[in-house]
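For reference, the structure is listed below as structure tokens.
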Amino acid sequence: MALYYLPKEGLQELLKKLYDWGELFWVRARDEGKANLEKANPEDIPQYSLPKFRGAQPVKSVLFPPKQHVADYPKVADKDLDAKPVRRAIFGITQCDLAGITIFDRVYLEDEEFVDPFYKKRRDGLFIATMDCSEALPSCFCNLVKGKPFAESGFDLNLTPVDGGFLVEAATMAGEDVLKGIGASAPTESMKSLRQKLRDKVSAQLEKQNKPFETEKGFIALVTENQEEPKSYDHHASTCVACGACTHICPGCFCFGLTDNPKEKGGFERSMTWDSCQFSGFSRMAGDMNPRGRLALRFMHRYNHKFFHYPWRYDGWPSCTGCGRCIDNCMGRIDMRATLRDLSVSDVSQMFPAPSPPPGENPAGR
């Protein structure tokens, strides 16, 4: 990997090159303090501002749309699926979203049993530019799930804000090529030191705010060992309304359903749409049997999938990136960190309250 210094004015040139390279999506800082995932508009490039933390939305919709066409029938399906990669670039995502892409890669691209041609088409043509977090949101907990507030691999470019510009790490030849001719130069040792100080600062912030949720055993071990419907799930699921927001906003949730609908001129269209294990009909089987009819069982399943089933199949990695979006978007104000921490205790009186206090407040609620 090569490290460069890019002056602040060079950011516009970088974005222009990526816009010309292919369809560009970026995470853009907004005046109200939020960072939003958007399709880039060239007119907005001069005003683009790199966010300080992850965007409000996950980037999975770029690679795995909420709804996509699969087939038409009864006509003979096209046997030669157009597998030409779609040239796209994603700019300004953080490590938690990059980890989410890796979660999808293991399932839809690298699994020997099946490679999803629709996902592969979008993934093969993807250019990824990540950024270091300059701050941590109160709901962020990547440090508790094997993550860090900065990316170390898996990107084409990674940007770290420093005085007057950015330190840019190029990890691929595509990344090197994009940096040519836009004023990138060798960084000084003081710039490298600034990058390390920023990373240490945000890492310390994460450790401090997540200290109340630390457990002697890791989350994967806790969930794996507690398969008999522990009290934590019933306790924290008491405010769940089964809206599915936690799974739809999650960068690591990839469940889908297939639907067949009639077309106006005859025949049928098959579509793939996002689904959620929190919906009451998700696990319904023939004969109207439902092994997870109770909400608490569906609530438990989500944790089992992320910290037991997925790690069991994919070399010990959770399908949770610690982004905290599920906490921010939960109508029942459920803090995943509290649910996981409370697996380590059996007495409800020792558990954090339900609903959980807003992120950033005393998690004990007192």
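Taken together, the values in this text are just the output of simple stated rules run on the coordinates, not laboratory data. Just so you know, these numbers come straight off a predicted model, no measurement behind them. Don't worry about glycine lacking a Cβ; one is built from the backbone with ideal geometry, like all the others, and counts go over all protein chains shown.
The table below lists the values:
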read-out	value
Per-residue ³J(HN,Hα) for region 141-152, Karplus 6.51 cos²θ - 1.76 cosθ + 1.60, θ = phi - 60°, Hz, x for Gly and Pro	8, 4, 5, 8, 10, 6, x, 9, x, 7, 8, 10
Dipole axis of region 62-150 (+1 Lys, Arg; -1 Asp, Glu on Cβ), positive-most option in Tyr119, Val145, Val86	Val86
Peptide ranges 20-29, 88-97, 132-141, 190-199 listed from the most packed, as the mean C-beta count within 10 angstrom indicates	88-97, 132-141, 20-29, 190-199
Charge dipole (debye, nearest 20) of region 219-350; +1 at Cβ of Lys and Arg, -1 at Cβ of Asp and Glu	240
Rg over Rh, two decimals, region 219-350 (C-alpha only, Kirkwood Rh)	1.03
Magnitude of the charge dipole, the chain, Cβ model with Lys/Arg +1 and Asp/Glu -1, debye to 20	440
Two-site label geometry, Glu43 and Gln12: point separation in nm, points 7 Å out along Cα→Cβ	1.7
Calculated FRET efficiency for the pair Ala204/Ala364, C-beta based, R₀ 22 Å, to 0.05	0.50
DSSP-defined beta bridges in the chain - what % are antiparallel, rounded to 5	70
The chain: Cys lacking any partner C-beta under 4.7 angstrom	Cys133, Cys140, Cys142, Cys240, Cys243, Cys255, Cys277, Cys320, Cys330
Calculated [θ] (222 nm, deg cm²/dmol) that DSSP helices of n ≥ 4 give over the chain, each run adding -39,500 (n - 2.57)	-8000 deg cm²/dmol
Cleavage-rule hits (GluC sites (Glu not before Pro)) in region 31-60: DSSP loop, at most 15 neighbouring Cβ within 10 angstrom	Glu32
Local electrostatic count at Gly267 - Lys and Arg +1, Asp and Glu -1, tallied over other residues with Cβ under 12 Å	0
Listed candidates (1) 117; (2) 171; (3) 136 - label of the one calculated as volume of the Cα convex hull per residue in Å³	(2)
Gaussian network model of the chain, springs between alpha carbon atoms under 10 Å - residue of Tyr310, Tyr73, Tyr119 with greatest fluctuation	Tyr73
Percent RCO, i.e. relative contact order, over the chain, from Cα pairs under 8 Å lying at least 6 residues apart	20
Listed residues Phe254, Met336, Leu297: farthest to the positive end of the dipole of region 219-350 (Cβ charges)	Phe254
